[in-house]
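These notes concern the structure reproduced below.
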Amino acid sequence: MKVSVSVLSSSIKPQDIVKKLDNSATDYIHIDIMDGKFVKNKTWTFSEVKKFTSYSHLPLDVHLMVNNPEKYIEDYALMNTSYLTFHYEAVKDVEEMINKIKSYGLKVGISICPNTNVNVLFPYLKEIDEVLIMGVEPGSSGQAFIENTPNKIKELKDEIIRQNVKTIISVDGGINDETAILCKEAGVDMLVSASFIHKDVVNNVKTLKNI
């Protein structure tokens, strides 16, 4: 199982989490960018992200929870970014956004909010690298896992198999050692976790990877 660790925390500085991640089996550092518009909270500026991620050599998995994701592409393309994920609900022209991200040589991800039906993404599966399913309402860490999430993962997995594409499924929000099992059984490929991992970075990353 791939594990992407979110550095979003109300009590731990992101650079302190990042430093620990380099000594763990983490696959990616998950960066939640919020603009205070698409979601109510606001996170870091680009310069702040650049500074705290400099403590690690791990690739970045950037999740744009913003109204104008195209404004962020060039900056994050200059960093050690692997996946750049935008929200389906935040753009008018999904196809155009996919092509813009691809033009910078980045892997493209699309995320959907819990109330959005997963089938809206079916037409784009051949063109993207990742779908990020939200297991909580986007915007803050520490929320309870939405019970219907594994059903959305399974529906998406079935369609990925039907279309015979290589798009991976990530799940973000409310992930711990119990909910991760439910998501794996549904067909998830990568787990994004914050609160659970922050309690014991090295051991809890290992726990999720071994699920």
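The values are calculated or read from the model by the stated rules, or taken from the named source; none is laboratory data. What you see is a predicted model; the values in this text were computed from it and never measured. Note that we place each Cβ from the backbone using ideal geometry, even for glycine, and neighbour counts take in every protein chain shown.
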Checklist entry - Restricting the first residue to the range 87-101 and requiring it to be more than 16 Å from VAL62 (Cβ to Cβ), which pairs with a second residue that is assigned to a helix (DSSP H, G or I) and hydroxyl-bearing (Ser, Thr, Tyr) meet a Cβ separation below 8 Å and a spacing of at least six or different chains? => result VAL94/TYR88; VAL94/TYR124; GLU95/TYR124
Next on the checklist: For the range 79-114, which positions are modelled with pLDDT under 95 and assigned to a strand (DSSP E or B)?
Outcome noted: none
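Residues VAL62, VAL39, VAL3: which one is modelled with pLDDT under 90, closer than 30 Å to VAL91 by Cα and surrounded by 19 or more Cβ atoms within 10 Å (Cβ to Cβ)? Don't jump to the end; show me each part of the working.
On the way: VAL62 fails: modelled with pLDDT under 90; VAL3 fails: modelled with pLDDT under 90.
After applying the criteria, what remains is VAL39.
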Checklist entry - When residues of the range 5-25 are filtered for being closer than 13 Å to PHE196 by Cβ and under 16 Å from the mean Cα position of the chain (by Cα), how many remain? => result 4
Item to check | Pick from the range 49-63, criterion outside any loop (DSSP other than H, G, I, E, B) and touching a residue at least 40 places away in the same chain (Cβ under 8 Å), ranking: farthest from the chain's Cα centre (by Cα) | outcome: PHE52
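Just give me the residues in the range 64-82 being free of Cβ contacts under 8 Å to residues at least 60 places away in the same chain and under 13 Å from the mean Cα position of the chain (by Cα), in sequence order. Steps first, please.
Initially, the range 64-82 is screened for residues free of Cβ contacts under 8 Å to residues at least 60 places away in the same chain, giving 64, 66-82.
Within the range 64-82, LEU64, THR81, SER82 meet the criteria.
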